[in-house]
Every structure is written in C-alpha cells, then in structure tokens.
Amino acid sequence: MAEWHLYMIRCAKGTLYTGITTDVARRFREHSAGKGARYLRGRGPLELVYQYPVQGRHEALKLEIRVKKLSRQRKEALIMSQYSMDEILNSTITME
C-alpha cells in the first residue's frame, strides 16, 4: 500500500491550498508548472509549507476534508508545528 501525504501550499498572497498525493515533490512541481488544481493557477510563486504522512488513500481523503474545514489560525498552528495534527483535530485548543 502506497504511503499518502497531506500537504499545504502557500500562495503569493498568503492563501493556503490543501491537497493529498503519494508524491509531494512531483505534485508540487506540477502545481508550480500550472498543472493540476485550478485554484493555484496564476497564484505563484508557490511555497510548500506543510506535509504529513498518512497510511492509505481513504485515510488521506478523510484527513484532507477535516483539515480544509479548519480555521486559518489552526492551519497556521500546524504549519508552525505549534501543535500536532492529533492535537489540532481532536482537542479544544484555544487559538488566541
């Protein structure tokens, strides 16, 4: 079974894009070349700011949905490694 990854990309204006893949480097190159997600086209330069390994496509899809629902503040906390993925998803951490 291939290892999947959840990843986040920061666009030039600071917005965050979240996706999943089995090859983060390849997918980032595709995004940077204007291929793949329509949202990222014309929003460069792009910066890969976060990646997290996940076992299996099904789990990766579920995690992607949950992360996309997080507030920007919680996504930034993940990126800055202030909290673990489990802490962000499964707790009532107060974000100030």
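Coordinate-derived values only; no laboratory data. Just so we're clear, the structure is a prediction, and the values are computed from it rather than from any experiment. No Cβ is skipped: glycine too gets one built from the backbone with ideal geometry, and neighbour counts run over all protein chains shown.
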The stretch 55-74 residues that are charged (D, E, K, R), paired with ones that are surrounded by 13 or more Cβ atoms within 10 Å (Cβ to Cβ) and in a helix (DSSP H, G or I) (beta carbon under 7 Å, 6 or more apart): ARG66/LEU89; ARG74/ILE88
Of the conditions (1) surrounded by fewer than 18 Cβ atoms within 10 Å (Cβ to Cβ); (2) not in a loop (DSSP other than H, G, I, E, B), TRP4 clears all except one; give me its number. (1)
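Listed here are the residues, each with its yes/no results for (1) in contact with a strand residue (DSSP E or B) (Cβ under 6 Å, 6 or more places away or on another chain); (2) exposed (fewer than 12 other Cβ atoms within 10 Å of the Cβ).
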site: ARG26; (1), (2): no, yes
site: LEU46; (1), (2): yes, no
site: LEU61; (1), (2): no, no
site: GLN73; (1), (2): no, yes
Taking LYS35, is it free of Cβ contacts under 8 Å to residues at least 12 places away in the same chain and either surrounded by fewer than 17 Cβ atoms within 10 Å (Cβ to Cβ) or part of a loop (DSSP other than H, G, I, E, B) (or both)? yes
For the stretch 1-47, how many residues meet the condition of being within 16 Å of GLU64 (Cα to Cα), among the aliphatic types (A, V, I, L, M) and touching a helix residue (DSSP H, G or I) at 6+ places or on another chain (Cβ under 9 Å)? 6
Which numbered condition in (1) surrounded by 12 or more Cβ atoms within 10 Å (Cβ to Cβ); (2) of a type in the set (Val, Ile, Thr); (3) within 13 Å of the chain's Cα centre (by Cα) is the only one that ILE88 fails? (3)
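Would you call ALA60 touching a His at 6+ places or on another chain (Cβ under 7 Å) and under 22 Å from GLU3 (Cα atoms)? Step through it out loud before you land on a result.
On the way: touching a His at 6+ places or on another chain (Cβ under 7 Å): no; under 22 Å from GLU3 (Cα atoms): yes.
Judged against the criteria, ALA60 is not a match.
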